[in-house]
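Note sheet for the following structure.
The values are calculated or read from the model by the stated rules, or taken from the named source; none is laboratory data. Just so we're clear, the structure is a prediction, and the values are computed from it rather than from any experiment. Here the Cβ positions follow ideal geometry from the backbone for every residue, glycine too, while neighbour counts run over all protein chains shown.
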Number of protein chains: 2
Amino acid sequence: MPEITLVSQNKSFGGWQKVFTHDSVELKCKMRFGVYLPPQTEQGPVPVIYWLSGLECTEANFIQKGAAQKYAAQYGVIIVAPDTSPRGLNIPGEDDDWDFGTGAGFYVDATNEPWKNNYRMYSYVTKELPALINEKFPAIPDRKSIAGHSMGGHGAFIAVLKNPGLYRSVSAMSPICNPINCPWGKKAFNGYLGGVEGDSKWKDWDSTELIKKYNGPQLDILIDQGTNDNFLTKSQLLPENLVAAAKESGVAVNLRLQEGYDHSYYFISTFIEDHIKHHAKYLKA
Amino acid sequence: MPEITLVSQNKSFGGWQKVFTHDSVELKCKMRFGVYLPPQTEQGPVPVIYWLSGLECTEANFIQKGAAQKYAAQYGVIIVAPDTSPRGLNIPGEDDDWDFGTGAGFYVDATNEPWKNNYRMYSYVTKELPALINEKFPAIPDRKSIAGHSMGGHGAFIAVLKNPGLYRSVSAMSPICNPINCPWGKKAFNGYLGGVEGDSKWKDWDSTELIKKYNGPQLDILIDQGTNDNFLTKSQLLPENLVAAAKESGVAVNLRLQEGYDHSYYFISTFIEDHIKHHAKYLKA
């Protein structure tokens, strides 16, 4: 029976924003996660939204700056916010770069040395963590959705595309949509997966490639993307590639270009209400 | 003509969260402040709410974690968030304690050496900064309100009580209400003002004392206070003293005890909507 340890709890919008640590089996290290329990959990189990954060984040950024608690309370959903990588493993090089290693797990299961024993964020966020949440909190196991920002948007997309029917809905803000074709993604996949650009094992972790072959329940993907996002102009995000691939395979993607917005939490907090509402529609249907 | 320099700008809820630096005349150092410009400022000047933060904060905490921008945009008000003390002066002892010196200006004008040349946060937030805001931004000069958290609640109260009619409204969350009778206040006043407890010069900066003598336009003070606030239980805040004094002098104080909430930004963000709404009612009357 896995154990979780309370780190902090703060009342927020009638519910509780809590942070826990636990020993992750997949990642073989102590991990933190945030969980917002809306007031409705006092009456019984509710649906869950998993929020995956971007590069450099911990579990803290979204819960402190995302302003999602109000809408989680309004719609009666739990929000789970995991960390973005294993921590403190002392793997050589893990802290050398801000966009690889610590804080940059990229939500894949690494197959390359020296990462493959610990950097299993995909299995962590899609399997281990949901099992833990379902066991420890008043969650309805089969009503879950997933969303994320930047690297976390990529994480949310692959979680859904690789597991047809597992999630009720998916959305993202400023997502990395085609990692095999952007500098961040190439660096991460080369490190975690090994091999080179174009390898089929890279394509297995790329939303734009996965969406071409998607053959599950109908999806209604919501994406918000700021037009002043410097990572958009640096071709790190490539939402146009995902949209083109989705069109080809008949998957509905609503890409909303938000004039003047950037990549920051100011952008996230502005549109988080729409995203929680989007998920609530499917989680409560 | 004073100069201001843009540090950052992020689009937020249709408006802009900006941060500037300037050379403060009162504090004789470079200071940062945040200013949220709601979309209505594109059409013309709007009222201003000054938000004073608590111990250890900079201008960044409230603008990142307070979740106020949504309501500033909704009600069409500018929010100005100054820093909490002068910075980087190299005054001996300025960085020794978290509750005195840097990050802890207490919104008084110091009269004691070595603080009196720089620690003039009262004059800074009530005079210098509003003059600057009125000059540089689309603000309606005579429509301003003031609010704050903890030490900043104390700052907001004394700003209003020492300047009858200057502000349209005032509110606070978890405010320090009677500094001459709490450990934080005694330490700060002893350092910045000199002398000892009971000095009349201490009383001139104490809300509970000032409210006894208040003789200006009718006030409608809104206070939110969490019941699980550990600084409440440690007698740092003493709202009951302010309420008793206000009752005696006929000033309306609406002290709302919020069950289970603590002293954090999770508390602030939960109730900030009510505070902005409270100010908007008077700012737009």
Result of the Cβ filter at 9 Å on region A:19-34, keeping first residues that are β-branched (Val, Ile, Thr) and partners that are assigned to a loop (DSSP other than H, G, I, E, B), at least 6 apart or interchain, is A:Val19/A:Glu59; A:Thr21/A:Ile4; A:Val25/A:Pro2
By residue number, the members of region B:179-202 that are surrounded by fewer than 16 Cβ atoms within 10 Å (Cβ to Cβ) and touching a Leu at 6+ places or on another chain (Cβ under 9 Å) are B:Asp199, B:Lys201
The condition from (1) farther than 29 Å from B:Val196 by Cβ; (2) in contact (Cβ under 8 Å) with a residue 12 or more places away in the chain; (3) more than 14 Å from chain A (Cβ to nearest Cβ); (4) of a type in the set (D, E, K, R) that B:Asp142 misses is numbered (2)
query: Is region A:68-90 home to any residue that is more than 25 Å from A:Phe137 (Cβ to Cβ), more than 14 Å from chain B (Cβ to nearest Cβ) and without any contact (Cβ under 8 Å) to a residue 12 or more places away in the chain?
result: yes
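To keep it simple, each residue is scored yes or no on (1) among the β-branched types (Val, Ile, Thr); (2) under 17 Å from the mean Cα position of the chain (by Cα).
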position: B:Gly66; (1), (2): no, yes
position: B:Arg87; (1), (2): no, no
position: B:Asp96; (1), (2): no, no
position: B:Tyr122; (1), (2): no, yes
position: B:Val125; (1), (2): yes, yes
position: B:Asn134; (1), (2): no, no
Checklist entry - When you look at A:Gly15, is it of a type outside the set (Ser, Thr, Tyr), over 18 Å from the mean Cα position of the chain (by Cα) and within 14 Å of chain B (Cβ to nearest Cβ), yes or no? => result yes
Out of curiosity, is A:Lys30 within 25 Å of A:Lys162 (Cβ to Cβ), away from every other protein chain (no Cβ under 14 Å) and charged (D, E, K, R)?
no
Residues in region B:205-234 that are surrounded by 14 or more Cβ atoms within 10 Å (Cβ to Cβ) and either free of Cβ contacts under 8 Å to residues at least 40 places away in the same chain or touching a Cys at 6+ places or on another chain (Cβ under 7 Å) (or both) total 5
Exactly one of A:Leu242, A:Leu255, A:Leu232 is touching a strand residue (DSSP E or B) at 6+ places or on another chain (Cβ under 9 Å), in a strand (DSSP E or B) and either under 25 Å from A:Ile79 (Cα atoms) or modelled with pLDDT of 95 or more (or both), and that one is A:Leu255
Among residues of region A:241-285 being β-branched (Val, Ile, Thr) and under 21 Å from A:Ile49 (Cβ atoms), the residue nearest to the other protein chains (Cβ to nearest Cβ) is A:Thr270
Filter pass, A:Ser53 being of a type outside the set (Phe, Trp, Tyr) and more than 14 Å from chain B (Cβ to nearest Cβ) = yes
task: Examine region A:43-52 for a residue that is touching an Asp or Glu at 6+ places or on another chain (Cβ under 6 Å), of a type in the set (A, V, I, L, M) and within 30 Å of A:Trp98 (Cα to Cα), and state whether such a residue exists.
output: no
